[in-house]
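Here the structure is laid out as C-alpha cells; the discussion comes afterwards.
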Amino acid sequence: MGADSRTPRRADRNRRKKKGRLELWSIALATLALAGVWLAVVWLTDPGRDGQRQVADGGELSGQAEPVLADEPVPEPEPVKRTIVDFRMLDLDTGWYEYDDGTVMVTGDGGVTWREAGPDWTLPEEDVPAAGAADGPVAGAGGEAVAPGEPDRLAAGSDAGSPDEPGAHGDAVSEADGALANDAEANGQAALLAALREIEAAYLDFDPSLPIVIDGKPIAAKRVQPVSGRIGWALADGSEGLDNPLLVSVDGGLTWHQEVTAEVRAAIGAEKERRRLRAEEAALYAVPQQVMKPGSGWILLPDVTYPGDVILVRRDEPGEVEWQGKTYALKPYKAGYFTYLPVPRSTKPGAYTVGGAQLTVREKKFNTQYLTVSEEMESMRRNTERIAEDQKKIDEARSHSAETFLFDSAFLKPIEGRLSTPYGYTRYINGKLSSTHNAIDLAAPKGTPIAAANDGVVALADDLYLTGLTIYIDRGMGLFSQYAHLSELNVSAGDTVKKGDIIGLVGSTGFSTGPHLHFTFWAHNTPVNPDLFFDTTPFRWTGESDP
C-alpha cells in the first residue's frame, strides 16, 4: 500500500517541474526577442551607419567605423562696423546722417533718438548758406564747415515732424515754423522771412574753427555745422575710434558731447525758446532786422521826436535808463527789454543821449485856444480840495501797470468825431492863461458809443470833479489811456477789455462846454500825444510823421 500511494505524488511533482522549466524558457525567449528588437532599432537609427557603409563600400576603410564626434557650435559672425559718412541738422529738432552702406538715420527730437529713414525719404537739397555762416575749411577742427540750419525754421516744440515724413525734409520746418511761413506767404510777408534769416544769422554765436577735444584728446572732424545761437554739430573722422562720432556743442564750440544729455537738451530747449520769442517780436516791426540786434545796443523808436511825444526804448539786455533826472527800468518782452520814455512838452530841441543811443528832439510850435465859460464853471477850477482828492485816485490807479504790453495790434480812434481841440494847445479861459491841453477833444453827439482803443485792463472808472465820468485803461509797461466827460460808464475797475469793446457813451460831464470825448495817453504819469498811436503801434514808430 505504501508503494502504490507514493507513485501518484511523484508523478505530480514531475509534472510541476516540467511546467516550471517551460515557463523559464518562455521568459528567456521573450527577453531575447525584446533585446533583439532594441538592438535592431539602435542600429537602424545610428547616424553614422550610412557613412560607415558608404566608406566601406568605397574601400577607403577596412570595415572599422570611425568614432562619431559631437557637433561643434558654429561661431556667430561679427557685426559689420559701419561708418557715418555725412550728416545735416535741418534745424534744432530735425536732422539725418548716412552710413557708408547707404542707410540713413533720422531724428525729430534734436538727436535724442534716431531711427532708420522710411522708404519714401529722399536726401534733402543742400541748405543755402545764410549770412554769418562759416566759409571754407575749419582749421581748428580739421573738417569742412557747412552753413547753419535755416534761420527761418523757427524754434519749434519737440513735436516737429520727422524728416522721413512728407514735407518734413529739405525745407523741413516744425509745425510752428510751417504755420508762420504759410501765414507770411498768404499775407505777402516774404520780407519777414528774409528778415528772420538775417536776424538769426546775426544771433549765431558759434566758432567752427575751435579745436574739438574729447576726454583730453584732440579730435579731427569731417564736418562742423553751426545750427543756431551757440548750438552746433560735428562729425568726427572715422579714424578717431569714437563710439559715437556725431558730436554736439551747446557753448559755441568750446566743449563737445558724444550724447544728447539732459544738459544738452536743456540748452537746445532754451535756444528754441529764444528763437520763438525772436520770431514773435520780429513780426511787430516794419523792418525787424534794423531793431533786433544782438549785444547791448540801444534802439529808440523813433530816434527823432518832438516835445509832448513819447518814444519806446529797446535793448537786447536787461538794465535801466536815465532820462531827464528819472530812472526807468527796462522790462522783458519777447526777445528784448523795453520802456517808454515820455518827452515832456517843456523839452528843449537838441540832441540827447539815451543809454548808448542819440535822441534828436526837434522844435514844435503849439497853437493857442481861447475859451469863454460861465462864472459857475470857472469857479469849479478853484475847488482845489476836491481836485486834489480826485488826483489821489488817479495817481493810485496809474501807479500799478502790467509789466508787459497788453496789446498786439494797432490802436484805433475811440470815436469818429470832429477834432475840436488838438493835442498840446495852450488854453486861455476867460482871457486868463489856464493850462496846456494835453489831450485831443473829439466832438460828437451825446450817447455816441466809445470804443476801447486797444486791449487792456480798466484801472479806474469813476465820476471825477473836473473830468466827469472818466475811464483809465492800462495798456501795460506804464502806458494808460484816458477817456473823460462820458455820459455813461459801461466798465468797472479790473475789467479786461478788448479793442473795439464799447466802454461808455459820449457826454458833457465835469468841466465841459458840450458833448465830446477828451482822450489822451499817459506814459509814466506824463501826458503824451495820442495822435502817435492811431492806426499803428509803438513798435512801428518811425518819427516820420509831421509834428
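The values are calculated or read from the model by the stated rules, or taken from the named source; none is laboratory data. Predicted model, so just to flag it, every value in this text is computed and none were measured. A quick note on method: Cβ atoms are made from the backbone with ideal geometry, for glycine too, and the neighbour counts reach across all protein chains shown. Ligands, DNA and RNA are stripped out before the accessible areas are found, and what is left, the full protein with its side chains, is counted by its heavy atoms. Shrake-Rupley method; radii C 1.70, N 1.55, O 1.52, S 1.80 Å.
Within segment 77-98, being closer than 17 Å to ALA234 by Cβ and either outside any loop (DSSP other than H, G, I, E, B) or hydroxyl-bearing (Ser, Thr, Tyr) (or both) holds for THR83, ILE84, VAL85, ASP86, PHE87, ARG88, MET89, GLY95, TRP96, TYR97, GLU98.
On inspection, GLU273 does not qualify as without any contact (Cβ under 8 Å) to a residue 40 or more places away in the chain and either among the charged types (D, E, K, R) or part of a loop (DSSP other than H, G, I, E, B) (or both). Residues in segment 303-327 that are closer than 30 Å to ALA190 by Cβ, surrounded by fewer than 20 Cβ atoms within 10 Å (Cβ to Cβ) and at pLDDT 95 or above: ASP303, VAL304. Quick one: how many residues across segment 522-543 are surrounded by fewer than 17 Cβ atoms within 10 Å (Cβ to Cβ) and part of a loop (DSSP other than H, G, I, E, B)? Final tally of qualifying residues: 4.
So if I check each of HIS437, HIS518, which one is over 26 Å from LEU330 (Cβ atoms) and either at pLDDT below 95 or in contact with a Lys or Arg (Cβ under 7 Å, 6 or more places away or on another chain) (or both)?
Numbers: HIS518 fails: either at pLDDT below 95 or in contact with a Lys or Arg (Cβ under 7 Å, 6 or more places away or on another chain) (or both).
Residue meeting the stated conditions: HIS437.
Would you check if there is a residue in segment 349-365 being more than 29 Å from SER401 (Cβ to Cβ) and open to solvent by 80 Å² or more (accessible area, probe 1.4 Å)? Walk me through how you get there before you give the answer.
Of segment 349-365, the ones more than 29 Å from SER401 (Cβ to Cβ) are 349-351, 363, 365.
Going one step further and asking which of them are open to solvent by 80 Å² or more (accessible area, probe 1.4 Å), we end up with 363, 365.
The answer is yes; a qualifying residue exists.
I'd like the residue in segment 328-348 that is of a type in the set (A, V, I, L, M) and closer than 26 Å to GLU280 by Cα and, out of all such residues, is surrounded by the most Cβ atoms within 10 Å (Cβ to Cβ).
We begin by selecting, within segment 328-348, every residue of a type in the set (A, V, I, L, M); these are 329-330, 335, 341, 343.
Now restrict to residues that are closer than 26 Å to GLU280 by Cα: 329-330, 335, 341.
Values: ALA329: 12, LEU330: 20, ALA335: 21, LEU341: 24.
Per the stated criteria, the residue is LEU341.
In segment 240-270, what residues are in a loop (DSSP other than H, G, I, E, B) and farther than 18 Å from ARG82 by Cα?
At the first step, the residues of segment 240-270 found to be in a loop (DSSP other than H, G, I, E, B) are 241-245, 250-256, 258-261.
Once the filter is applied, which keeps residues that are in a loop (DSSP other than H, G, I, E, B) and farther than 18 Å from ARG82 by Cα, segment 240-270 yields VAL250, ASP251, GLY252, GLY253, LEU254, THR255, TRP256, GLU259, VAL260, THR261.
In segment 496-521, the qualifying residues are those that are of a type outside the set (Lys, Arg) and closer than 24 Å to VAL310 by Cα, and the one that is surrounded by the fewest Cβ atoms within 10 Å (Cβ to Cβ) is GLY500. Is at least one residue of segment 282-300 open to solvent by 70 Å² or more (accessible area, probe 1.4 Å), under 25 Å from ASN529 (Cβ atoms) and in a helix (DSSP H, G or I)? Scanning segment 282-300, I find at least one residue that is open to solvent by 70 Å² or more (accessible area, probe 1.4 Å), under 25 Å from ASN529 (Cβ atoms) and in a helix (DSSP H, G or I), so the answer is yes.
State whether one or more residues within segment 421-442 are closer than 17 Å to THR368 by Cα, in a strand (DSSP E or B) and of a type in the set (Gly, Ala, Ser). Yes; the residues of segment 421-442 include at least one that is closer than 17 Å to THR368 by Cα, in a strand (DSSP E or B) and of a type in the set (Gly, Ala, Ser).
Listed here are the residues, each with its yes/no results for (1) under 24 Å from THR113 (Cα atoms); (2) modelled with pLDDT under 95; (3) of a type in the set (S, T, N, Q).
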| site | (1), (2), (3) |
| --- | --- |
| GLU185 | no, yes, no |
| ALA194 | no, yes, no |
| ARG197 | no, yes, no |
| ALA220 | no, yes, no |
| SER228 | yes, no, yes |
| GLY252 | yes, no, no |
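Looking only at segment 442-473, count every residue that is open to solvent by less than 10 Å² (accessible area, probe 1.4 Å) and either among the aliphatic types (A, V, I, L, M) or more than 15 Å from ILE502 (Cα to Cα) (or both) and tell me the total. Even if it seems obvious, please write down each step before you answer.
The first filter runs over segment 442-473 and keeps only residues open to solvent by less than 10 Å² (accessible area, probe 1.4 Å), leaving 442, 450, 452-454, 456, 458, 464, 468, 470-473.
After this cut, where a residue has to be either among the aliphatic types (A, V, I, L, M) or more than 15 Å from ILE502 (Cα to Cα) (or both) as well, the list is 442, 450, 452-453, 458, 464, 468, 471, 473.
Result for segment 442-473: 9.
Does segment 441-451 contain any residue that is at negative phi and under 37 Å from the mean Cα position of the chain (by Cα)? Break it down into steps so the answer makes sense when it comes.
Taking segment 441-451 as the starting set, the residues that turn out to be at negative phi are 441-446, 448-451.
Going one step further and asking which of them are under 37 Å from the mean Cα position of the chain (by Cα), we end up with 451.
The answer is yes; a qualifying residue exists.
Restricting attention to segment 106-117 and to residues that are part of a strand (DSSP E or B) and either acidic (Asp, Glu) or closer than 14 Å to VAL260 by Cβ (or both), the residue that is most open to solvent (accessible area, probe 1.4 Å) turns out to be GLU116. When both residues are 6+ apart or on different chains and their Cβ atoms are under 6 Å apart, which pairs have a first residue that lies in segment 327-339 and is at positive phi and part of a strand (DSSP E or B), and a second that is crowded, with 19+ Cβ neighbours inside 10 Å and not aromatic (Phe, Trp, Tyr)? Sorted first by the residue in segment 327-339, then by its partner, the list stays empty. Taken residue by residue, segment 385-400 has no member that is in contact (Cβ under 8 Å) with a residue 12 or more places away in the chain, within 24 Å of LEU489 (Cβ to Cβ), in a strand (DSSP E or B) and open to solvent by less than 40 Å² (accessible area, probe 1.4 Å). Figure legend. Inter-residue proximity from segment 477-494: first residues on the phi > 0 side of the Ramachandran plot, second residues in a loop (DSSP other than H, G, I, E, B) and of a type in the set (A, V, I, L, M, F, W, C), beta-carbon distance below 8 Å, spacing 6+ or different chains. Indicated pairs: MET477/ALA402; MET477/PHE405. Residues that are modelled with pLDDT of 95 or more, among the β-branched types (Val, Ile, Thr) and within 16 Å of ASP86 (Cβ to Cβ) do not occur anywhere in segment 231-239. The residues of segment 319-335 that are basic (Lys, Arg) and over 33 Å from the mean Cα position of the chain (by Cα) amount to a single one, LYS326.
Where strands (runs of 3 or more DSSP E) sit wholly within segment 194-237, those with at least 3 residues that are closer than 20 Å to ALA267 by Cβ occupy 212-214, 221-228, 231-236.
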